1. Here is a list: A79, A83. Which entry is part of a loop (DSSP other than H, G, I, E, B), of a type in the set (A, V, I, L, M) and more than 16 Å from the ligand (Cβ to nearest atom)?
2. Would you confirm whether any residue within segment 105-120 is among the aromatic types (F, W, Y) and away from the ligand (no atom under 14 Å from the Cβ)?
3. Pick from segment 234-260 the residues that are among the acidic types (D, E) and buried (at least 21 other Cβ atoms within 10 Å of the Cβ): which of them is nearest to the ligand (Cβ to nearest atom)?
4. Among (1) at pLDDT 85 or above; (2) closer than 28 Å to A212 by Cα, which single condition is E379 missing?
5. Look through L178, L152, L143, L187 and report the one residue that is over 23 Å from I257 (Cα atoms), in the same structural domain as E113 (by TED's automatic domain parsing) and surrounded by 18 or more Cβ atoms within 10 Å (Cβ to Cβ).
6. Out of segment 356-365, which residues are of a type outside the set (A, V, I, L, M, F, W, C) and either within 16 Å of the ligand (Cβ to nearest atom) or part of a loop (DSSP other than H, G, I, E, B) (or both)?
7. Testing Y263 on (1) in a loop (DSSP other than H, G, I, E, B); (2) more than 28 Å from S184 (Cα to Cα); (3) away from the ligand (no atom under 16 Å from the Cβ); (4) in contact with a strand residue (DSSP E or B) (Cβ under 9 Å, 6 or more places away or on another chain), one condition comes back false. Which one is that?
8. Would you please name the residue that is farthest from Y188 (Cα to Cα), looking only at residues in segment 365-407 that are touching a residue at least 60 places away in the same chain (Cβ under 8 Å) and not polar (S, T, N, Q)?
Amino acid sequence: MPIWNKEAECASSEARQKLQLGRLQKAVERVYSRVPFYRKKLDAAGVTPDSIGCLQDIAKLPFTTKSDLRDTYPYGLLACDQADVVEVHTSSGTTGTPVVAAYTESDLTLWGEVMARTLSMAGCKKGDTVQNGYGYGMFTGGLGVHHGARRLGVTLLPISSGNTRRQLAMMRDFGSTLLTCTPSYSLYLAEAAREEGMDFRELPLKAGCFGAEPWSENMRVEIESKLNIKAHDIYGLTELIGPGVASECEQQHGMHINEDYFYPEIINPETGEVLPDGEKGELVITSLHREGSPVLRFRTRDITFMMREPCACGRTTVRIHRLLGRTDDLMIIRGVNCFPSQIENVLMRIEGTQPHYQIVIDRGTTHLDEIEIRVEVEEAIFSDVTRAMEHLRKRIHDELKSELGISAQIKLVEPRSIARSEGKAQRIIDKRSL
Ligand code: DLL
């Protein structure tokens, strides 16, 4: 399998650590001098850029959280001139205020580099045809893969997400060799192909880069056999850059972190204490080389552990295990991130609903996430003519769709029909077997 950048990906640990330290010092200096939010936070922690004498000193820096990013929307954490921002992406925050990622030209070069590494890990090289089924737009998936494919010089089909028939036709007509989309969508494509009488064994497709939502080893087995490809896990998040933070090589045993750009730590989510390699905890990442939206010790809320044993592929970068869950209640539905509290906000402002609801997520026969929201309605409405019920149902559906981008089945239920709980209400029933 091709290694895109041997010098960076196979560096000795001394060379890498030296590079990381230099970059960390510069990153702290950059935010300290350019972002009042960080200066205040670092001052409060009694840290200045001079406090970073070795990599372990990173533990002196305060954490950054999703709410810090949200509270400073849109440009409060910008560490460059706004005129130098050439691309912006966003993802949702707990209250619906988006989290903003701003990219300078140099940030886009960085993104292209790490995504070229990602695609190379899946065997992709010049001459290949990449079918990019991640959504284009404010979501980072589509354009992240796009920048990497451009850098690699492959033939790129920027088809974006959805439009299943067309996906299959393009795959067949253009002979796509690599597919990038969410893992659940790849299974949906397989199902649709079968209905159309298309046989993946007759296609040149050889690999896929799948991420942006949780998936399991069992799902990998299913994808590999149904699409007759090798399925690679890829990880990233808007706050750091998008996809390209960590990706799986041909060994498919953990995702290599692009450590020259992203410095990983695992912490105990309760105490904030840094944990040794191999111990499970929350992944915290510092961007070492971003200009637009650098972050110090960003708490990803993703749970995993680090593996430092040498990898047979020859890369020396540390790996993270397939993600094991999250420390919060973020739901990822068809790749769209959303918190139950956002759904609650929408439900509660619509007249006629009661503050009792349940969110049921399942993966139907189509393998795509389906979300049903059961909400109690006022007695008067429930006993009223069906028209009022239908009107209310449609209104909830449409507001959730326009505000959060999710298309949910709405089931209006009788008052007092949802089980009450004495402790934490069980609002979410996730039936997806991952
Ligand atoms: O989902 C970036 C991305 C796009 C990654 C395409 C991979 C492929 P966000 O929308 O900000 O960014 O969501 C980030 O998604 O904190 C994880 O909880 C989850 N996630 C991303 N990749 C994986 C993965 C993109 N491979 C959040 N496995 C992260 C499990 C993942 N969860």
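The values are calculated or read from the model by the stated rules, or taken from the named source; none is laboratory data. The structure presented is a predicted model; accordingly, all values stated were derived computationally and were not measured. FYI the Cβ positions are ideal-geometry reconstructions off the backbone, even for glycines, and counts take in every protein chain you see.
1. After ruling out the rest, the residue left standing is A79.
2. No, every residue in segment 105-120 fails to be among the aromatic types (F, W, Y) and away from the ligand (no atom under 14 Å from the Cβ).
3. Checked segment 234-260; the qualifying residue nearest to the ligand (Cβ to nearest atom) is E239.
4. Every listed condition holds for E379 apart from (2).
5. None of the other options fit; the residue is L187.
6. R363, G364, T365
7. Unmet condition: (1).
8. Per the stated criteria, the residue is E403.
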